[in-house]
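Beneath this line is the structure, given in structure tokens, with notes to follow.
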Amino acid sequence: MRPAPPELTGRVVIIGSGIAGLVTALALAPKPVVLVTQGRLGQGGSTVLAQGGIAAAIGPDDSPALHLADTLSAGDGLCNSAIAETILRQAGEAIAYLESHGTRFDRDASGAPVLGLEAAHGRRRILHAAGDGSGAEIVRALVAAVRSCASVAILEDTSACRLLTRDGMVAGLLLQRDGAGMILPTGQVVMATGGIGGLYDATTNPVDNRGQGIMLAARAGAALADMEFVQFHPTALAVARGRLPLISEAVRGEGAILINDCGERFLTGHPGEELAPRDIVARAIHAEMISGRQVFLKADDIDFPTRFPAITALCREAGIDPAREPIPVRPAQHYHMGGIHTDIFGRSTLPGLWAIGECAATGLHGANRLASNSLLEAAVMGLNAARDIAAGPGSHPAIPAMPDLPPEADPGQVRAITSRHLGILRDGASLHAAIAGLLPLALGRGGASDPAITALAIAVFAALRQESRGAHARTDFPAQAIHSVSRRMTLDQIIQSARLILSDNLARSA
């Protein structure tokens, strides 16, 4: 164990180098910051994989009010409408900020932005870059800007292992770099660690994203919110690999249709058809699959190589020509609406900790994220958190105690439980089985403990929500409850709830 270099002590520390972390680092300049990333800067996260783009109500027939209405509808009654309205009204500012740092969005011959349509949007409002290479373009531009920003110190190939506290406030971080532990004293940490895809067998996200930021915050005492709401993208490319390539919703926005292996268009007559909200389309595809059918996207009416060059390349790697043959698809874990509970500035319930991007729960998404609102939220909240931190008193932490490095995370046991019991359809018996399997792992000292904490939170929140709403579908509670609210809990409360759920289940079965 060693202390961090003195020149890094007391700086704002940002964990994660997707769009949220990169925007925050730039927006804090010239305030000195440390940006910690477990891989290479901008790589290894979900932003660089994003195909569809970023939602912004900037078209002549659009408005933030219309965007808000679509967001609230997709969120199925659980969005924080005030926060959602604030974030969506900042969309123009976020787009301008990205462009000012070199992002090149697609524009037509007149210079106007080319706006795409995605599911559950009532207007064309999706800005994209390089056709379907939006995330890669945003990361390219922001990484170049961060590398040239003198106020940002970058720690690549570095993992955050524990968030350290003193007197109920953030005091530092335990990092692992070059195989050794390092203590970095700081009173201001921004969590921008991304999602939970690595907790599932089938995901469109990097398999190393296992909800680490949520786990770090929960261990330190921060409240979590809406953990049960896990979004499954309807159309991942159905190939045999860990991370499944995404077939963007924008493909359906351009006219592609879903068919089964009998050639039947099974969403015909459903409101929205192929452009219904993601949870509805995912469950419809899941129903086809459990009945023994295969599902395909038929897109031969689209100039596929021109509009979707990156997806074309992904399909051809798998031996599929999307311009000539249907694309085999299946649902896969894609996004997590829950996470670290925050306000509009990204402040968590733990003083000194901010959370932004997918690891945070602002209330924008409610029970189901509207397509392409995630990159928007990450950029806006990065700007908001930076303003809040810059206006504050700064960090003068005492050097925290030197804990031991935890064992290397091993998600294998957790992934098996999560994939089996916390998927598209849930029921009480399955959720109780998940809790019974995850609780001893979370309380243990082995490599499964860290990923089990995040998975246990999902299972407990899901067991307590006895209704079907948005991305959370229970076969034993198929209807929506009359009164439904967002829930927040600390790790201690989650563990206590898990024990009560198991105790009650045991009593009922006796």
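Below, the figures for the structure above:
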{"item": "In segment 30-57, residue modelled with the lowest pLDDT [restricted to those that are in a loop (DSSP other than H, G, I, E, B) and of a type in the set (Ser, Thr, Tyr)]", "result": "Ser46"}
{"item": "Filtered residue count, segment 448-470, keeping only those that are modelled with pLDDT of 95 or more and in a loop (DSSP other than H, G, I, E, B)", "result": "5"}
{"item": "Residue match in segment 195-202 (condition: within 21 Å of Gly346 (Cβ to Cβ) and modelled with pLDDT of 95 or more)", "result": "yes"}
{"item": "Filtered residues of segment 64-107 (kept if under 21 Å from the mean Cα position of the chain (by Cα) and polar (S, T, N, Q))", "result": "Thr71, Ser73, Asn80, Ser81, Thr86, Gln90"}
{"item": "Filter result for Gly366 (within 20 Å of the chain's Cα centre (by Cα), part of a loop (DSSP other than H, G, I, E, B), under 28 Å from Ala250 (Cβ atoms) and touching a residue at least 24 places away in the same chain (Cβ under 8 Å))", "result": "yes"}
{"item": "Flag if Thr312 is of a type outside the set (Lys, Arg) and surrounded by fewer than 19 Cβ atoms within 10 Å (Cβ to Cβ)", "result": "no"}
{"item": "Residue check for Glu118: more than 27 Å from Arg177 (Cβ to Cβ) and in contact with a Gly (Cβ under 6 Å, 6 or more places away or on another chain)", "result": "yes"}
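Here is a yes/no grid of residues against (1) farther than 22 Å from Gly187 by Cα; (2) modelled with pLDDT of 95 or more; (3) not basic (Lys, Arg):
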{"residue": "Arg347", "(1), (2), (3)": "no, yes, no"}
{"residue": "Leu350", "(1), (2), (3)": "no, yes, yes"}
{"residue": "Ala355", "(1), (2), (3)": "no, yes, yes"}
{"residue": "His365", "(1), (2), (3)": "yes, yes, yes"}
{"residue": "Ala398", "(1), (2), (3)": "no, no, yes"}
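Here is a yes/no grid of residues against (1) under 23 Å from Gly194 (Cα atoms); (2) among the aliphatic types (A, V, I, L, M):
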{"position": "Gly292", "(1), (2)": "no, no"}
{"position": "Ile320", "(1), (2)": "no, yes"}
{"position": "Val329", "(1), (2)": "no, yes"}
{"position": "His336", "(1), (2)": "yes, no"}
{"position": "Leu364", "(1), (2)": "yes, yes"}
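The values are calculated or read from the model by the stated rules, or taken from the named source; none is laboratory data. Computed from a predicted structure; not experimentally measured. We place every Cβ from the backbone using ideal geometry, glycine too, and count neighbours over all the protein chains shown.
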